[in-house]
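Take a look at the structure set out below.
The values are calculated or read from the model by the stated rules, or taken from the named source; none is laboratory data. If you're wondering where the values come from, they're calculated on a predicted model, not measured in any experiment. Cβ: placed from backbone, ideal geometry, glycine included. Neighbour counts: every protein chain shown.
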Amino acid sequence: MSSVLYDAQGPRAKRRNVLFTGLFVVALAAVLWWVYTSLDDKGQLEWALWKPFVHSEAWSTYIWPGLQNTLKAAALAMVIALPLGAVLGIARLSDHVWIRVPAAVVVEFFRAIPVLVLMIFGLALYANYTDISSNDRPLYAVVTGLVLYNAAVLAEIVRAGILALPKGQAEAGVAIGMRKNQVMRLILLPQSVTAMLPAIVSQLVVIVKDTALGGAVLTFPELLSSANTMIGYYGNTIASFTAVAVIFIALNFSLTTFAGWLEARLRRSKKSTGAVLGAEDMEELNPAGVGGAFGTGGDGGGPGGITDTRPPR
């Protein structure tokens, strides 16, 4: 077995790795034991503090309504931020200055502002200039802040993903008569989606987690805010925050798992299928006709659209 990126480990390196692994396991066990004893000494592991989670009252009154609001805000922000970020990212690559420069200003402006500031600004905006009820304003403000910030970040992800493709991809499309919007839509975007997917999913995970900022500042009744309310009733701080952490981990793990499955599916489809141009595609690319040579009509073409230029026998 040959090694390309690094040299194969010798006996001394293997013993050293085993030693360091053992020391890490011992240190981790010591830390976990210290955490356990500290919580036990303060009575945080008593069954009475964890018992509410085995009854439906805590879930139906606190956890489930908060989770619904978290999912609602995150879903709305994702649905709006994804297409908006894609449009801004493509606009930043435009050849037209009047499109490229304003898109760059918008992206850099909102990317530089903390998402919490955008949420607070949105709340003040809706309170002073709209008729939205006070119960709905926190949701609108949270979604507004998440959309503005994450759309700017997603725009940079889209732009970087497209620029990462070899220039020959776009040049090949132009060479066969495609317009620039066709090159972007049919060649560049489909290829860059797979490469951009991990970064996009990471940003979607950020959207899910940042919904908690609305509960901390804007009194938005999301999952973490509902857990704080439950703590005031049951007095189980560690248990409530542990349950909330497990739920957030489960949500983000599900999102990451789905993205991994989708990425693998896209890669398999690219390997198993090829891009085949039909008659309609060729007519769109070559309006003069499909039958003739490139850029010519099809009336005088021979078989397969190739004009026979050989002299008669």
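Per-structure values
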| item | result |
| --- | --- |
| Condition check for residue 202: small (Gly, Ala, Ser) and without any contact (Cβ under 8 Å) to a residue 12 or more places away in the chain | yes |
| Matching residues in the range 37-73 - criterion: being among the polar types (S, T, N, Q), modelled with pLDDT of 85 or more and farther than 20 Å from residue 222 by Cα | 37, 38 |
| Checking residue 116 against (1) free of Cβ contacts under 8 Å to residues at least 60 places away in the same chain; (2) touching a helix residue (DSSP H, G or I) at 6+ places or on another chain (Cβ under 7 Å); (3) surrounded by fewer than 20 Cβ atoms within 10 Å (Cβ to Cβ), the condition it does not meet | (1) |
| Residue identified as surrounded by 11 or more Cβ atoms within 10 Å (Cβ to Cβ), under 36 Å from the mean Cα position of the chain (by Cα) and either more than 30 Å from residue 122 (Cβ to Cβ) or modelled with pLDDT of 95 or more (or both) among 91, 81 | 81 |
| Some residue of the range 169-177 being of a type outside the set (D, E, K, R), more than 28 Å from residue 267 (Cβ to Cβ), touching a helix residue (DSSP H, G or I) at 6+ places or on another chain (Cβ under 7 Å) and touching a residue at least 60 places away in the same chain (Cβ under 8 Å) | yes |
| Members of the range 126-167 that are within 27 Å of residue 192 (Cα to Cα) and assigned to a loop (DSSP other than H, G, I, E, B) | 164, 165, 166 |
| Test: residue in the range 212-219 that is at pLDDT 85 or above and part of a loop (DSSP other than H, G, I, E, B) | yes |
